[in-house]
Amino acid sequence: MPNKSRRAWLKKAAWSGLGLTGLAASCSPAEEKKQAAEGFYFAHLTDMHVRRKRKGHEGYAACVAHINALQPAPELVLMGGDMAFDGNYTPKEEFIDQLQLVKGISDDLQMPYYACIGNHDSLGLNPRRKVEIEDPDIGKGLFLATFGLDRSYYSFDHKGWHFVVLDALLEVEAEHGPSQTHAFGEEQLDWLRFDLGRNPRPTVISTHIGPFCNIGQYLADPKLPAMNHMVVQDGLAFRQICERHQVRAVLQGHSHIPEEYRFNGIWYITSPAVSASWWSGNWKGYGTGFTLLHAKESGELSWETRYYDWEPQLEPEDTLERERTADRTAFEKEQERLKQEESHAQR
């Protein structure tokens with residue numbers, strides 16, 4: 001499904017004299033076959049939360065520059081949602097500015113990218129909304145228009161691989177008005193099963209919220225229910241569709257915590273957040289990062305977590321974030337002290 005993000009890249013490539021037909025013509029059939037066997041790289045960027053505060057837009061620009069400098073260069077970028085900072089409890093004008101910022105910076109990528117919607121990328125689907133319930137822009141329309149999408153889920157092919165971008169936010173009507181729940185919904189899942197059935201290629205799926213997140217385990221919180229706000233509510237139906245077909249991996253975001261989980265032959269990979277802890281540092285324990293993946297003609301997929309340099313630019317009012325950062329720093333120092341103590345203990 002074409003979108004403005006890809007069309008903009010194609011147009012930019014043509015302006016540079018690097019049209020896709022020209023690239024293909026420069027390779028012999030033998031070279032093309034060799035390149036296909038060796039595979040290609042692609043990146044997964046999620047949770048950018050772009051905003052002007054904390055200079056989040058400059059941080060994202062640094063990430064884009066880092067991606068553009070990678071060698072070998074990624075051939076495409078899958079986005080993972082929460083591209084704007086927030087549309088749920090942010091004034092409409094500010095949210096529109098965030099969307100325009102993230103779109104403009106993403107357009108600087110030197111390869112096509114594919115936008116994915118997250119729970120913060122809709123307008124006003126929350127009781128804390130800053131717009132009237134009657135506002136015609138409530139919902140996903142502003143995001144879709146910004147990125148030139150006809151709908152919020154779609155698929156495409158690249159060098160023998162199939163890619164699917166999903167929407168994990170189902171619009172519902174709540175007591176407070178328009179809202180969203182973490183689910184794909186029957187209509188989208190029905191589309192997915194036939195899309196995968198028609199495309200018998202190794203497949204990678206990108207969704208902001210996935211079926212697995214072990215937050216209860218890594219927080220050691222026995223009271224946290226397994227089906228919480230960190231996973232989709234129809235994950236079982238989703239998994240069963242994926243397991244019937246040729247899905248190699250599901251790429252996720254939302255938690256800002258890198259995680260890998262393999263179940264029934266499929267990898268569920270949560271990438272670190274491009275914004276780390278919403279551009280306020282790494283007090284969650286993980287810095288500004290992304291996932292770099294390598295896909296081969298054989299169907300083999302490998303990946304690694306990558307980080308890029310960005311110094312947090314806190315606002316004067318970010319007292320809580322400073323406290324959390326100080327707590328994290330103290331924790332890391334204590335961990336290092338304990339490590340040294342244990343390493344030098346007499347046997």
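A few remarks follow.
- Within the set L293, L320, L338, the sole residue that is touching a residue at least 40 places away in the same chain (Cβ under 8 Å) and closer than 26 Å to E259 by Cβ turns out to be L293.
- Condition broken by V172, with the remaining ones in (1) surrounded by fewer than 18 Cβ atoms within 10 Å (Cβ to Cβ); (2) of a type outside the set (D, E, K, R); (3) in a strand (DSSP E or B); (4) touching a residue at least 24 places away in the same chain (Cβ under 8 Å) satisfied: (4)
- Among the candidates W303, W283, residue that is surrounded by 14 or more Cβ atoms within 10 Å (Cβ to Cβ) and in contact with an Asp or Glu (Cβ under 8 Å, 6 or more places away or on another chain): W283
- When restricted to residues that are on the phi > 0 side of the Ramachandran plot and of a type in the set (D, E, K, R), segment 146-182 contains 1.
- In segment 123-141, the condition of being closer than 23 Å to E259 by Cβ and buried (at least 22 other Cβ atoms within 10 Å of the Cβ) is met by no residue.
- Of the numbered criteria (1) out of contact with any Leu (no Cβ under 8 Å at 6 or more places or on another chain); (2) exposed (fewer than 12 other Cβ atoms within 10 Å of the Cβ); (3) under 30 Å from A249 (Cβ atoms), the one E336 fails is (3).
Every residue, every condition in (1) within 30 Å of P136 (Cα to Cα); (2) touching a Gly at 6+ places or on another chain (Cβ under 9 Å); (3) of a type in the set (V, I, T), yes or no:
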| residue | (1), (2), (3) |
| --- | --- |
| V172 | yes, no, yes |
| L189 | yes, no, no |
| P202 | no, yes, no |
| I205 | no, no, yes |
| C213 | no, no, no |
| G235 | no, yes, no |
| Q240 | no, no, no |
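Quick note: the coordinates plus some simple rules give every number you see, no bench work behind them. Since the structure is predicted, the reported quantities are computational estimates derived from the model, not experimental observations. No Cβ is skipped: glycine too gets one built from the backbone with ideal geometry, and neighbour counts run over all protein chains shown.
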